[in-house]
Amino acid sequence: MPYEKSISEAKQEFTNIVREVGMGYEVIVTNRKSPKRAKVSIISTDVYEDVLKQGFKFNPIIEKDEGNRGYTIYLNELIIHGDGSTVYEALLDLASNITDYAEDYINRFDFYRQIDNRKSHYPYLRRINMCSNINEVMEVIAECHIDLQQVISKK
C-alpha cells in the first residue's frame, strides 16, 4: 500500500523515497497547505509502464474501401487512422501518424489536456513513446488483433 508524505517530509527523505520507489513502493506526496490538498504519486517507471501495458491497449478497426482501393485502420481510442493499399501499408501509416501525434501531444501536453476528447489520450501515447521504432509501434497497435499480428509476422 502506498504511504503519504508532506512536501517537506518528501524533501527531507527524498533519497530514501527514491530507494523505496525503486523497490516497488508507491509514495504519495501531499501539499497539506493547499486548500485543494493536491497529491502526486511517485512510482517506479517499471511499475508505471506495466500498468500502461496492462490497461491501455488498442482495439483497431480495419475497413476495406469501397471498390477495393485499399484499407483504413481506425483507433477510436485516439481518434486517428491510417490508410494504405494493403492492410500492412495502412498499419504502417497508422503507426507513423500515431508516432507524430504522440510527439506533438507530449510537446504540447498543457494544450491537449484542456481538450475534453483528447485529455484521456496520454496513457496510450505514453505507451507509444515507450517504443524504440515503428515496428514496435505496429506491434503495440496489433497486440489485441490477430489479423494484424499475422500481417506483421508475414513481413
**Asked** Which trypsin sites (Lys or Arg not before Pro) does segment 40-118 hold that lie in a coil by DSSP with at most 12 other beta carbons within 10 Å?
**Response** ARG69, ARG108
**Asked** For segment 19-99, what is the convex hull volume of the alpha-carbon atoms per residue, in Å³?
**Response** 128
**Asked** Given charges of +1 on the Cβ of Lys and Arg and -1 on the Cβ of Asp and Glu, with all other atoms neutral, how large is the dipole of the chain about its Cα centre, in debye to the nearest 20?
**Response** 860
**Asked** So, in Å, what gap is there between the alpha-carbon centers of segment 1-51 and segment 87-144?
**Response** 28
**Message:** Please report the net charge: other residues with Cβ closer than 11 Å to the Cβ of ILE73, K and R +1, D and E -1.
**Reply:** -4
**Asked** Considering the dipole of segment 1-63 built from charges on the beta carbon (Lys and Arg +1, Asp and Glu -1) around the Cα centre, which of VAL40, ASN59, ILE7 is farthest to its positive end?
**Response** ILE7
**Asked** Carbon and sulfur together cover what percent of the accessible area of the chain at a 1.4 Å probe radius?
**Response** 48
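The values are calculated or read from the model by the stated rules, or taken from the named source; none is laboratory data. It should be emphasised that the depicted structure is a prediction, and the values quoted were computed from it without experimental measurement. Counting neighbours? That spans all protein chains shown, and the Cβs are built from the backbone with ideal geometry, glycine included. Ligands, DNA and RNA are stripped out before the accessible areas are found, and what is left, the full protein with its side chains, is counted by its heavy atoms. Shrake-Rupley method; radii C 1.70, N 1.55, O 1.52, S 1.80 Å.
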